[in-house]
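To start, the structure itself, in structure tokens.
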Amino acid sequence: MPSSKFFYGWIIAAMGFLTMFVGTGLIVTCFSSLSPFLMDAWGINHTLNGTLVSIRTAATVLAMFLCGVYYKKLSLRLGIALGMLIGAAGYVVMALGHGFAAGCIGVALIGFCHGIAGMIPVAILVDGWFVRHKALVLSIASTAPGFASMVVPVTITKMITGFSLTFALFVMVGVFVIFAVLIVVFVKDTSQAMGLARLGEDTSGTAEKKKVLAHPYAVNKAHIFLMMCTSFLVAGMCYVPGAIFTLNFTSAGWDVADAARIVSLYGFILLVAKLIYGPVCDRVPQTIAAPFFFACLTIGHLIMSRTPYEGFSFGMGVAAFIIYCLGAPVSTVGIALWAGDISEPGEYAKYVRWYTLIYNIGAIVLVPIAGWTADLTGNYSVTFIGCAACSLLGLLLTSAAYRGASLRYKTLNPDEKAAAA
């Protein structure tokens, strides 16, 4: 433990939160708020706007794929800062360019920023500073896009209606540039760079290993494969529902205002759930915590699948959201924690990148299937049953991976256990 009263890692935690606010919240949330104004200014239809979203997502996946090479060449500090400048360049292109072609270049740049300066580097950064409270810090960082969804849409709309679309876009450029400077000034890649131990880390040798391996696992390739499959399925249990919640209610005949009201509650509930998820995972091993959270997702989806049917009430919708949201942080904090547990020793950065990349590939594959089943059936009931199936299968795969790795660890001799660290 550092001797100073204030641990600098909390500055790092704050920068992780701001990284997610800017690199995720001001790209994903902000773009959805900008879309109606961009469509009007550029004269594009919904199909072309959807194409822009697809280009942005493809650029994000490409960036995640390149993260390993990117962060071998650059430190986390410089890599995140450069990513923010790439995002700023994207908004410059959108501000100065007029039309779909400029939009394609702009969204590709901001999408690349989202992939290169989002949850992957934040998770690696937090791992370099925290042993204790690691899940809590990751949970707090993951709430940043939710806070952005509360303040960005209204702020963007006021700037555009009060000034202009170009003005609003250049304000975004300024935010990205200022934050890039803050990253360079305040971020240190690891606690060792400042001569400190990670929070909760005992550097006296065996005691350190005892603390770090509070819930020890001995991992083989089969366990890793199971978690890769789970990461793909997480898109079905978390990304797909997030993309269709409003449509689920409106396609079932709900008034648009009622649908908006219940979905706005979802945003608040999810924020609270993320703050609960981290402390639970800090204290409870994943062999117990993961099945519980996957079970919550399964139950929430099954309740939501009843939306089109008679008797489904506003209160049932709120109950479904509460239960679902308890498990929803597996798509952010959960993936980052799995990379620390079910991975090869010393390869945390590699596996947080791969698990996150596979999750995003799952989103690209499964979201269109959700839309196709809704077109086929006229509502999203079957889609949510499919989401429940993904959750249940994820529960089984994760349980098999964690319990298998835990049991395997118990069979190792002391030297092998040290190597597994």
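The values are calculated or read from the model by the stated rules, or taken from the named source; none is laboratory data. Everything quoted here is computed from the prediction, not taken from an experiment. Glycine also receives a Cβ, built like all others from the backbone with ideal geometry; neighbour counts cover every protein chain displayed. Ligands, DNA and RNA are stripped out before the accessible areas are found, and what is left, the full protein with its side chains, is counted by its heavy atoms. Shrake-Rupley method; radii C 1.70, N 1.55, O 1.52, S 1.80 Å.
Looking only at residues of the range 118-151 that are in contact with a Ser or Thr (Cβ under 6 Å, 6 or more places away or on another chain) and either in a loop (DSSP other than H, G, I, E, B) or open to solvent by less than 10 Å² (accessible area, probe 1.4 Å) (or both), we find that the one that is modelled with the lowest pLDDT is 148.
Restricting 376, 393 to residues that are surrounded by fewer than 24 Cβ atoms within 10 Å (Cβ to Cβ) and without any contact (Cβ under 8 Å) to a residue 40 or more places away in the chain narrows the list to 376. Against the numbered list (1) aliphatic (A, V, I, L, M); (2) in a helix (DSSP H, G or I); (3) under 30 Å from residue 160 (Cα atoms), residue 44 comes up short only at (2).
Selection of the range 319-350 for residues being touching a Gly at 6+ places or on another chain (Cβ under 8 Å) and either of a type in the set (D, E, K, R) or under 19 Å from residue 222 (Cα atoms) (or both) yields 348, 350. Close contacts from the range 236-257, counting a first residue that is on the phi > 0 side of the Ramachandran plot and a second that is of a type in the set (Val, Ile, Thr) and assigned to a helix (DSSP H, G or I), with Cβ to Cβ under 7 Å and a gap of 6+ residues or different chains, come to none at all.
One residue stands out in the range 47-81 among those that are closer than 25 Å to residue 121 by Cβ, among the polar types (S, T, N, Q) and not in a loop (DSSP other than H, G, I, E, B): the one that is least open to solvent (accessible area, probe 1.4 Å), namely 60.
Taking residues in the range 301-327 that are farther than 17 Å from residue 242 by Cβ, and partners anywhere that are of a type in the set (Gly, Ala, Ser) and in a loop (DSSP other than H, G, I, E, B), the pairs with Cβ atoms closer than 9 Å and at least 6 places apart or on different chains are 308/252; 308/253; 308/378; 309/252; 312/252. The set of residues from the range 329-364 being of a type in the set (A, V, I, L, M), open to solvent by less than 10 Å² (accessible area, probe 1.4 Å) and over 12 Å from residue 65 (Cα atoms) comprises 330, 333, 335, 336, 339, 342, 363.
Here residue 22 fits the description: within 13 Å of residue 113 (Cα to Cα) and among the β-branched types (Val, Ile, Thr).
Exactly one residue among 243, 260 is of a type outside the set (Ser, Thr, Tyr), touching a helix residue (DSSP H, G or I) at 6+ places or on another chain (Cβ under 6 Å) and surrounded by fewer than 22 Cβ atoms within 10 Å (Cβ to Cβ), and that residue is 243.
Regarding the range 22-39, can at least one residue be identified that is over 18 Å from the mean Cα position of the chain (by Cα), touching a residue at least 24 places away in the same chain (Cβ under 8 Å) and surrounded by fewer than 16 Cβ atoms within 10 Å (Cβ to Cβ)? For the range 22-39, residues over 18 Å from the mean Cα position of the chain (by Cα), touching a residue at least 24 places away in the same chain (Cβ under 8 Å) and surrounded by fewer than 16 Cβ atoms within 10 Å (Cβ to Cβ): absent. Out of curiosity, is residue 107 open to solvent by less than 10 Å² (accessible area, probe 1.4 Å), over 19 Å from residue 168 (Cα atoms), modelled with pLDDT of 90 or more and assigned to a helix (DSSP H, G or I)? In short, no.
Exactly one residue among 313, 305 is under 21 Å from residue 371 (Cβ atoms), more than 19 Å from the chain's Cα centre (by Cα) and surrounded by fewer than 23 Cβ atoms within 10 Å (Cβ to Cβ), and that residue is 305.
For the range 379-409, filtering for residues that are assigned to a helix (DSSP H, G or I) and either among the acidic types (Asp, Glu) or over 14 Å from residue 220 (Cβ atoms) (or both) leaves 19.
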